[in-house]
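Read through the structure below, which is laid out as structure tokens, and then see the notes.
The values are calculated or read from the model by the stated rules, or taken from the named source; none is laboratory data. Note that the structure is a prediction, hence the values are computed from the model and not measured. Using ideal geometry, Cβ is built from the backbone for each residue, glycine included, and neighbour counts are taken over all protein chains shown.
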Amino acid sequence: MGARLAVVGTVLVALTGLGTLSACSDDKPDQAAFVEAEKQAAEAGLPKGDEQTYLTALTAVDAKLTADKKAALDNGYNLCTDFTNGMTASETVIDAIDMFQVDAKKGQKIVAIAKTNLCKPSASKGS
């Protein structure tokens with residue numbers, strides 16, 4: 001667990017540096033980009049818990065992401081676990097960057113795709 005925290009911390013520092021290069025004047029450009037990626041994934045009408053649609057959407061982002069379909073699914077469900085465990089969207093994006101070895105923009109898209117397609121709503125949501 002300590003090694004993972006070190007990696008997340010390192011990635012966070014790297015992302016912080018990337019954020020300072022942003023041309024956006026918005027206080028939260030990363031959050032806005034995440035919300036936009038999530039909105040696009042949701043607008044595509046993709047059903048939740050649909051592994052095939054998840055894999056298809058990942059392939060559309062970058063075919064390398066699904067070269068190992070089992071790893072892609074495992075990583076996606078790990079992102080769902082991040083949300084279940086209370087991690088913020090930003091923390092989950094950092095995790096996606098680490099697991100999929102991608103840049104921040106692709107990390108945001110991956111999180112939105114996973115959340116839309118794999119992360120099932122809580123069983124207690126409707127009760």
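Assorted remarks:
- Of residues in the range 83-127 being β-branched (V, I, T) and outside any helix (DSSP H, G or I), the one modelled with the highest pLDDT: V102
- The set of residues in the range 67-110 that are touching a Lys or Arg at 6+ places or on another chain (Cβ under 8 Å) and either within 16 Å of D50 (Cα to Cα) or loosely packed, with under 13 Cβ neighbours inside 10 Å (or both) comprises L79, C80.
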